[in-house]
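Working notes, structure below.
Throughout, read-outs are computed from the coordinates displayed, never taken from laboratory work. Owing to the predicted nature of the structure, the values given are computational and were not obtained by experimental measurement. Cβ: placed from backbone, ideal geometry, glycine included. Neighbour counts: every protein chain shown.
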């Protein structure tokens, strides 16, 4: 099967190179035969890469330890649940996964794109073929072939890193990869629009669903990664401004900016240059993320080991970036705006400021991520940029962005009138001020947390007002009950009201992030029968009593578990069992370093988070770290609401009759705005 896999890679490379040539030449010269051939080349490449994936999975599940990749990332006692995920656990397998998914997405784009975009499709096939062929070439020429065999066959493999043996491994990396990879499709359409000089809104229509899909995958992947870090790494948080975390955040920021600014181009014919630059930049940032992950130039719990693969990605990033922006620059005369910004107090202006803040945050994150690398190149010493820098810069920018989230929907297009502003801001402004006053009276004095929650109240007021106005308009025009009016409002204007649901999720996230300002932590060394206390920000006191240590063998690990009885203000809540784990291979030999399994008790208000630091040899005395993290559950709920809103926005539109009905409702709603 490994021979079949290697042959499939070579076939995919040859077909991909041909597909790139046929696509670009066919598109530029109007050759329908070459365009047709490029389309079939993408399909053939997809088939070849799927064969390669099946071959590697066969080797993984058959424990063919003569294959170097199988020996490095699996073992006989590795649960089947994680054997599948070994496909993308290492650098070589993740490259194969990336190329395969890209070819699948490219094939779907060619099949599902309507015929009236057919002039763009040869270039799309060319870009997809070229990008996928690059990944295959890295595997074949960059010493990253996942089918490489060893000169001997070990009795067992090394197994999967213990930190990867978590359900998050099955879901987080694929979601993040799907987000990264699918950015290539909007990028391919952008390049196609530039090459074909079809720079109206047609290409935007073609990429709308793909851009949303990529953004949605990235959103889900980032949230799953936060959850995984929280429950697995044992440091008591969910975002550390790690370089690889930052690399995933960067394209999410620029794509979110694009999803806002593209509405101005569709509505007013403005920001054409800006939107193209955002799409190109988002794709380059996804390649940048793969570079810093695979080059070894940064230290991260997420990164792969240092290898020559990083140089391939650096060269590809430089060449692709230079070619893309050279083409972009040559087409600038064709990207003149059809309208001008008429007033700084308008929805267009709010979207523009929104974009500037997104780009400002992205630049600060990029600079903080690159600064250690640049300082080492210039001065010879690596200067670490930690969370204080990112928090100092990005918290004020994030709060300004949160404020604009509530302001944007309240301002009219083109130019807002004073009466309109007074009417629109009355309720949300009152909610925001009232929220701030309640928190001040309750004793909250942390400025940023207070601002986040007050602005959250303001944005929530905006969202509720928008839904209420929409439902009231339908009730008046069609006589619908308010519940039915809300349902149809959402069903028939998914893009607008699904976006408001996303904004609701963002508000919940900001409020949850603000809760971490009141995090408390303590450490204690306890013998059986001894207790430690920790006070909650809400005023009650937790008492944790050490009951004892147990040791036992599980499927592929030796476990040392501590049992703690938990009470809150004298009321028993149950027990927590934080663990230390030493993983072993199929022969019983220790592998990797010991890992921790956190004990967590969660509710809507806070998490009690317990880490077993270690056990004194020969005794049951143990060292614990106790942490109280407020509002953590709301981080996960906020992420789910964002995903729900994204799905609603993506869901196909209604029937023509529904759209005509929506048009009548929109006229009534605009009348109320004025």
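Projected over every direction and averaged, the convex hull enclosing the alpha-carbon atoms of the range 375-492 yields 12.9 nm².
Applying 1/(1 + (r/R0)^6) with R0 = 51 Å to the Cβ-Cβ distance of residue 118 and residue 573 gives a FRET efficiency near 0.20. The percentage of C-alpha pairs in the range 239-391 whose separation is greater than 27 Å is 33%.
Size descriptors for the chain: radius of gyration and Dmax over Cα atoms are 27.2, 82 Å.
For the range 185-219, backbone nitrogen atoms closer than 15 Å to the point 7 Å from residue 331 Cα along Cα-to-C-beta are found at 185-208.
With R₀ fixed at 25 Å, the C-beta to C-beta distance from residue 445 to residue 469 puts the FRET efficiency at about 0.10. Principal semi-axes of the equivalent ellipsoid, √(5λ) from the alpha carbon gyration tensor of the range 499-642, are 32, 22, 11 Å from largest down. In the chain, the DSSP-assigned H stretches of four residues or longer account for a calculated mean residue ellipticity at 222 nm of -22000 deg cm²/dmol, using -39500 (n - 2.57) per stretch and the full residue count as denominator.
As a length-normalised measure over Cα pairs under 8 Å and 6 or more apart, the relative contact order of the chain settles at 11 percent. Here 384, 430 are placed in order of increasing Cβ neighbour count within 10 Å, fewest first, which gives 384, 430.
Mean projected area of the convex hull spanned by the Cα atoms of the range 243-294, taken over all viewing directions: 3.1 nm².
The value given for the range 605-653 is a Kirkwood hydrodynamic radius of 14.2 Å, derived from the mean inverse Cα-Cα separation.
Quick check on the range 98-189: what are the equivalent-ellipsoid semi-axes from the Cα gyration tensor, as sqrt(5λ), descending, whole Å?
Taking √(5λ) for each eigenvalue gives 34, 18, 9 Å, largest first.
Shape analysis of the range 584-630 yields a ratio of the Cα radius of gyration to the Kirkwood radius, Rg/Rh, of 1.14.
Counting neighbouring Cβ atoms within 10 Å and putting the fewest first, the residues 435, 567 line up as 567, 435.
As an equivalent ellipsoid, the range 138-246 spans semi-axes of 35, 24, 11 angstrom, where each value is the square root of five times an eigenvalue of the C-alpha gyration tensor, largest first.
Among 182, 55, 550, 595, which comes first, then next, by fewest other beta-carbon atoms within 10 Å? Write down the numbers at each step before the final one.
Working: 182 26, 55 23, 550 13, 595 19.
Lowest to highest Cβ neighbour count: 550, 595, 55, 182.
Please compute the length gained on full extension between residue 240 and residue 111, using 0.36 nm multiplied by the number of residues separating them and subtracting their Cα-Cα distance.
42.3 nm
Average projection, convex hull of the Cα set of the range 11-135: 7.8 square nanometres.
Based on Cα atoms of the range 184-269, Rg over Rh with Rh as the Kirkwood radius reads 1.12.
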